Amino acid sequence: MPRTRVDTSAEIRAVAAELFARQGFEKTSLREVAERLGITKAALYYHFASKADLVRGIVQPLVDEVEALLAESGGSTAEQFLADYFDVVLRHRQVYVMVFRDIASLAQLDLMAQMLDWRDRTYQMLVGEDATPAQIAKATVAIGGLQDCALTEGPPENFRDAALAAAIAALRS
């Protein structure tokens, strides 16, 4: 039966992200991704030359959105930035799960350096360039806790406001 879907690249990214999040990067083969989609491995390679390229294709929308958020955050309050960041993490929940599940493998793709840069830029935005260790600790708790809450299973509306309030309280304490 011929495939009727139009955006094969998007389908490949979606299925691979699900499998990578569940099984890990190393334990998921491209053959498995292709079989799940009902396409040949050659068809998959037409869209993504390697597993690393496929992972980059999955992660790139998150990268683009975080970069845009950080670039636009200059005039934002900490509260608005944290709310916007929560929403970004929520939209890319599966990608975050995939990254955190298999962080060692993904470090080989140079994603970790970029994520560490995001952290540093986030700290500067939230607590300034000359932040004390105590301020950095508060920003770490605020961002990390907010991120963990966004990754929690269940409807986000059940905990979004509480997560934002807790992150702001951690930052301001």
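The values are calculated or read from the model by the stated rules, or taken from the named source; none is laboratory data. Every value quoted in this text rests on a predicted model; they were computed, and no experiment measured them. Glycine also receives a Cβ, built like all others from the backbone with ideal geometry; neighbour counts cover every protein chain displayed. What goes into the accessible areas is simple: the full protein's heavy atoms, side chains included, and nothing from ligands, DNA or RNA. Shrake-Rupley method; radii C 1.70, N 1.55, O 1.52, S 1.80 Å.
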**Prompt:** Of the residues 63, 6, which single one is at pLDDT below 90, farther than 23 Å from residue 107 by Cα and out of contact with any Leu (no Cβ under 6 Å at 6 or more places or on another chain)?
**Reply:** 6
**Asked** Out of (1) open to solvent by 50 Å² or more (accessible area, probe 1.4 Å); (2) over 17 Å from residue 115 (Cα atoms), the odd one out for residue 28 is which?
**Response** (1)
**Item:** Qualifying helices (runs of 4 or more DSSP H) (wholly inside region 12-128; at least 2 residues being closer than 22 Å to residue 144 by Cα)
**Value:** 51-72, 78-91, 93-101, 103-107, 111-127
**Message:** Here's a check for you: in region 132-144, which residue that is among the aliphatic types (A, V, I, L, M) and farther than 18 Å from residue 76 by Cα is surrounded by the fewest Cβ atoms within 10 Å (Cβ to Cβ)?
**Reply:** 134
**Request:** Enumerate the pairs (first residue in region 37-61 and of a type in the set (Val, Ile, Thr); second residue anywhere and open to solvent by 40 Å² or more (accessible area, probe 1.4 Å)) with beta-carbon separation below 8 Å, excluding pairs fewer than 6 apart on the same chain, so at least 6 apart or on different chains.
**Result:** 39/3; 58/13
**Request:** Kindly check whether there is at least one residue in region 102-114 that is touching a residue at least 60 places away in the same chain (Cβ under 8 Å), of a type in the set (A, V, I, L, M, F, W, C) and crowded, with 17+ Cβ neighbours inside 10 Å.
**Result:** yes
**Message:** I'm trying to understand the selection: among the residues of region 129-150, which are outside any helix (DSSP H, G or I) and touching a helix residue (DSSP H, G or I) at 6+ places or on another chain (Cβ under 7 Å)?
**Reply:** 131
